[in-house]
Amino acid sequence: MQVFSGLRGKMIIAIILVVVVNMAIVMGFLQFILKESGESAAQIKAKSDLATGRAIIEATYPGDWEVRGEQLYKGNILMNEHFEIVDYIGQLTGNTVTIFLGDTRITTNVITKEGKRAVGTQISETVGNAVLKRGETYVGEADVVGHIYQTAYEPIRNKAGDIIGIWYVGTSKEFVSNMVWTTQKGMIYIALGAIVISILQAIFVANNFAKAIQKIAEGISLAANRNFSHRIQMNRKDEIGELATAYNSMAEKIGTLINEVRDSATLVLESATDLDIASSEQATASESIAATVDEISNGAGMQSNATEDTVRIVTNINERITKIADNATEAFNSSNQSVKMADDGKGKIAGSITQMEQINKKSHDTAMIMKNLSERSGQIGNIIGLISNIAEQTNLLALNASIEAARAGEHGRGFAVVADEVRKLAEQSSQATGQIGGLIQDIQNEVEKAVKEVEGNVHSIESGVASVREAGNFFEDLRNSSNDVSLKIKEISDSVLNIQNVTKDLVYKVDEINEIARQTAIGTESMASMSEEQSATLQEISATVSQMRKTTEDLKNQVDCFNC
């Protein structure tokens, strides 16, 4: 049946079972009470009827009770088999009635199984002991000729007060059962009516409850299908109403939460897209920076190689200048010796001529060395120009690296610092090469002067030698020329010493350039390593952003399925 289906039917059945079980318990309890009450009422009735019957006998048959022979008399009336009185009282009270002589029935309306009056039968031992021996009135359940009765026994006494018999009235078990059954029928009717009313009430309550639960179930079903816009309309003040209110509050909060999640997912998706674009730009910038760093590294390597060549050339120049200085000193000493020999006399002209020839030879060597020095200085100038160009290129590359690092933002801050250091090193290299270029220019000028001086001295020496050989009388002129040569050689020696000092400073400056180039190479290697690390990091960021965007899109698609 539709009425008993689902939760409604279960509630109705449960209520009916509760009512039926409770009614059964109550009926069982009342059955026990009724039985006890019926037995008690039967005993009271028997006791009351005992007194009533005695009063009837006393009124009907005046006189004392006495035993005459084997017979019992009441006054002058023989009671043995005097059935009229017991039948009358039995009909009047509806009980069994018996008169005993001693413990034996002499008149009674109790019928045996054979359908005869139970005259001549004995009383039970229990009752006999209580009534005949102790003289008590016995009221209670007793076995009367094989049947259970609620009975009342009292002793019959003669005029002397001796117990000579028993007066008995008994209510049968059927009387108690009939009385209990009559009461039970009324109770059954009442119980059935209560059950019917309970069923009707159960149906009403179950329908009311089921309708409320159905509304809540519909709301929950819609929520299960991702629709949280539905609100349960219910004006109940009980727990079901509280449940509906709680559901409405929950749906409201979940709907708000879903809208917030949807908005957040949209923002996260937009941010992920922006971050993906930014990471792509960062990757492009990183690649550009890496390329720039490679160029800087190549330039730094070229600069380092060039400075190493410069160091070797300058060292060679310094060695040659040192040799020139030694030759100049030696020539100066020889010139002084020639002057001294000229002062000693013409006899030593041959020795002077020899010394002059040596001076001439040394002067030629000096001229050749100075020419080589001039050529080396020119080579150094070219190398310095190359270093200057490399420094300018390094400076431009560092500037480009700074620009790319600025585009990279926070991720390019480390590259900006390294690029700035590279720029500073490039500026220092440029300044140092400028200074070295100036020094080399000075050296070249001094060398040119020295070459001219040496060449002039060579011609002078040759002229002096020719003059000495041609005529000894020109000895004084030779002495003067020797003095001039000595002075010129002194000047050459001083110039060579100046050149030697300049070349020493040049070696120091070139060492500085070499150190700067080495630091530049180290810096570019560090920048290259950082660029590779940044590139790897940006790739990881790009992969993470792609995964985050995919996850966010999935979340947004899921959230968009909800109706709030």
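Where a number appears in this text, it was derived from the coordinates with a stated rule and is not lab data. Keep in mind the model is a prediction, meaning the values are calculated, not measured. Counting neighbours? That spans all protein chains shown, and the Cβs are built from the backbone with ideal geometry, glycine included.
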- [ ] Take the Cα atoms of segment 6-199, find their three principal axes, and give me the spread along each one in whole Å, biggest first.
- [x] 86, 31, 29
Task: Subset of 449/509; 253/550; 361/449; 323/504; 362/452; 74/173 violating a 22 Å alpha-carbon distance limit - done: 449/509; 253/550; 74/173
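Mind giving me the FRET efficiency for residue 526 and residue 497? R0 is 45 Å, r the Cβ-Cβ distance, nearest 0.05 is fine. Working shown, then result.
Working: r = 44 Å, r/R0 = 0.97.
Calculated transfer efficiency: 0.55.
Quick check on packing: order 94-106, 142-154 by the mean number of other C-beta atoms within 10 Å, highest mean leading.
Numbers: 94-106: 21.6, 142-154: 19.8.
So the peptides 94-106, 142-154, ranked by packing, come out 94-106, 142-154.
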TODO: Find how much the distance from residue 350 to residue 231 grows on full extension, using 0.36 nm per residue of separation minus their present alpha carbon separation; answer in nm with one decimal.
DONE: 29.2 nm
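Before anything else, pin down the relative contact order of segment 6-199: Cα pairs under 8 Å, at least 6 apart, normalised by residue count, whole percent.
Computed value for segment 6-199: 23 percent relative contact order.
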Task: R0 of 41 Å, Cβ-Cβ distance residue 455-residue 511: FRET efficiency to nearest 0.05 - done: 0.75
- [ ] Subtracting the Cα-Cα distance from 0.36 nm times the residue separation, let me have the gained length for residue 431 to residue 249 in nm, one decimal.
- [x] 57.7 nm
- [ ] Compute the length gained on full extension between residue 55 and residue 160: take 0.36 nm times their separation in residues and subtract their Cα-Cα distance, giving the result in nm to one decimal.
- [x] 35.8 nm
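How much of the DSSP bridge set in segment 6-199 is antiparallel, in percent, rounded to the nearest 5? Please list the in-between numbers first.
Numbers: 34 of 35 bridges.
Expressed as a percentage, antiparallel bridges in segment 6-199 total about 95.
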- [ ] Work out the charge dipole of segment 6-199 with +1 on the Cβ of Lys and Arg and -1 on the Cβ of Asp and Glu about the Cα centre, then indicate which of 197, 52, 119 is farthest towards its positive end.
- [x] 197
Open item on the list: Charges on Cβ only, +1 for Lys and Arg, -1 for Asp and Glu, centred on the Cα centroid of segment 6-199; of 91, 41, 169, which one is farthest towards the dipole's positive end?
Closed with: 41
- [ ] Using Cα centres only, tell me the gap between segment 176-249 and segment 372-445 in whole Å.
- [x] 96
Open item on the list: At 7 Å along Cα-to-Cβ for each site, give me the label-to-label distance between residue 518 and residue 76 in nm.
Closed with: 17.3
